[in-house]
Amino acid sequence: MTDLRAPTLAEALLGWFDRTRRDLPWRRDRTPYRVWLAEIMLQQTQVQTAIPYFERFLARFPTLADLAAADEQAVLKLWEGLGYYSRARNLLHAAKQVVRDFGGQLPCEFKALRALPGIGEYTAGAILSLACGAKTAAVDGNVVRVMSRWSGSAWSAKSVQDRRQAADYVLARMPDSRPGDFNEALMDLGATVCLPRDPRCAVCPLAWGCQALRGNLTGALPLRDKSPAVPTEHRLLLLVAAAGLWHVRQRPSDGLLAGLFTFDWLSPNRDPKPFRIYLQGRDDILVRTLPSLMHRFSHLAWHIDALRLELPRADLDELACWLDANGPQPEGRWVDRQDLDQLPFPAAVDRYRRQELDEPFNPSPVSL
């Protein structure tokens, strides 16, 4: 006898997921550690970008205990280029706490997970449903978008209240079996079909019941909050080198880019003209102007100009006065090529570091 009953949301979604699920490395063995690592990496990071980082990280730290025993600089080095480095530091701190308090096993309990550094409601829900089999919602921006359109609800992914309403909506429709697959199916649908702009409604497995599609509201839902304008700092980066060495500084242990290494800087928004005039009077310093770039953080943008300075010897000498003019700088040190390659650098200046390593500088004075 033919079943004429309309499918439920869960049936339609899981059927589609079984046919089209993406083959991602963290899905092949959904242990709590692997799921946790993947979800942290996927914050603010595209899937294809995260995959090689995930694989390299697990090759170096295959277990949570291995991570807990790691040196922070080693962790930051593996994270180099992913940005939002507080994620890496929180991973390390949380791993140490799990070893200390839970015998090295991530707890399958919501409050205990939420108490760990860097684990919010979404990440806790993902770990519980994907790795522990618990019937728990994991609502990120993709899921808010899918559920907002499906239900016709004017939700915003940036509203805590709306995200919790979306979580309740998901839980009410989540089957008792396969809660992890249900959450992953929603994530996949939002990432590949129910796109922010130009959603692929013609191939959506939920199109038959989508209130936004029915009401021609896919462009209006979910609600979009305008991103606030971020301030721009104008910075002059100084790549100071001498006799095959480079001068680097480690940033403080807290704040932006905490614990990472950079080259030297003039203080933000400081007029560089007096410094350039000073360099013109130093015949023993060879100067090269490097390409400028813009680097955007979530709350700030840096407009970076850069100079490469070749000193006669590994001594900042009078140059230090310019660098320390607005207060003491983080302690600096001279490093060789191998150290320069191995130290963790932020993406904001890594282009310049890569240029130093891949294209050796041939000193020649240039006009400032």
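Going through (1) at pLDDT 90 or above; (2) surrounded by fewer than 21 Cβ atoms within 10 Å (Cβ to Cβ) one by one, Pro252 falls short only on (1). What about Leu266, is it touching a Pro at 6+ places or on another chain (Cβ under 7 Å) and closer than 22 Å to Leu82 by Cβ? Here the answer is no, as Leu266 does not meet what is asked. Taking (1) more than 21 Å from Pro252 (Cβ to Cβ); (2) at pLDDT below 90; (3) within 23 Å of the chain's Cα centre (by Cα) in turn, Trp302 satisfies each apart from (1).
Take Val139 and decide whether it is at negative phi and at pLDDT below 95. Yes; evaluated as a whole, the condition is true for this residue. Where strands (runs of 3 or more DSSP E) fall entirely within region 202-300, those with at least 2 residues that are out of contact with any strand residue (DSSP E or B) (no Cβ under 6 Å at 6 or more places or on another chain) are at 286-296. Screening Leu42 against (1) crowded, with 18+ Cβ neighbours inside 10 Å; (2) in contact (Cβ under 8 Å) with a residue 12 or more places away in the chain leaves a single unmet condition, (2). Got at least one residue in region 10-18 being touching a residue at least 24 places away in the same chain (Cβ under 8 Å), within 20 Å of Ser129 (Cβ to Cβ) and not in a helix (DSSP H, G or I)? The answer is no, given that none of the residues of region 10-18 is touching a residue at least 24 places away in the same chain (Cβ under 8 Å), within 20 Å of Ser129 (Cβ to Cβ) and not in a helix (DSSP H, G or I). Applying a threshold of 6 Å to beta carbon distances and a minimum spacing of six or more residues, or different chains, the list of pairs starting in region 82-103 at a residue that is assigned by TED's automatic domain parsing to the domain that holds Tyr53 and ending at one that is of a type in the set (Ser, Thr, Tyr) and in a helix (DSSP H, G or I) reads Leu82/Tyr53.
Could you tell me whether any residue of region 256-266 is among the charged types (D, E, K, R) and either loosely packed, with under 15 Cβ neighbours inside 10 Å or not assigned by TED's automatic domain parsing to the domain that holds Leu293 (or both)?
no
Out of Pro32, Pro25, Pro62, Pro7, one residue alone is under 21 Å from the mean Cα position of the chain (by Cα) and without any contact (Cβ under 8 Å) to a residue 12 or more places away in the chain. It is Pro62. On the basis of being closer than 29 Å to Phe261 by Cα, of a type in the set (A, V, I, L, M) and either buried (at least 19 other Cβ atoms within 10 Å of the Cβ) or under 26 Å from the mean Cα position of the chain (by Cα) (or both), does Ala241 make the cut? Considered against the rule, which asks whether it is closer than 29 Å to Phe261 by Cα, of a type in the set (A, V, I, L, M) and either buried (at least 19 other Cβ atoms within 10 Å of the Cβ) or under 26 Å from the mean Cα position of the chain (by Cα) (or both), Ala241 comes out as yes. Exactly one residue out of Leu76, Leu67, Leu42, Leu58 is modelled with pLDDT of 95 or more, closer than 22 Å to Ala258 by Cα and aliphatic (A, V, I, L, M), and it is Leu67. If you check Val98 against the conditions, is it in a loop (DSSP other than H, G, I, E, B) and among the β-branched types (Val, Ile, Thr)? No; evaluated as a whole, the condition is false for this residue.
Taking Arg34 as the residue in question, decide whether it is basic (Lys, Arg) and crowded, with 19+ Cβ neighbours inside 10 Å. Taking the combined requirement at face value, the residue satisfies it. If you go through region 52-95 and keep only what is out of contact with any helix residue (DSSP H, G or I) (no Cβ under 8 Å at 6 or more places or on another chain), of a type in the set (Ser, Thr, Tyr) and not in a helix (DSSP H, G or I), you end up with just Tyr84.
The values are calculated or read from the model by the stated rules, or taken from the named source; none is laboratory data. Since this is a predicted model, take the numbers as computed values, not measurements. All Cβ positions, glycine included, derive from the backbone under ideal geometry; neighbour counts span all protein chains shown.
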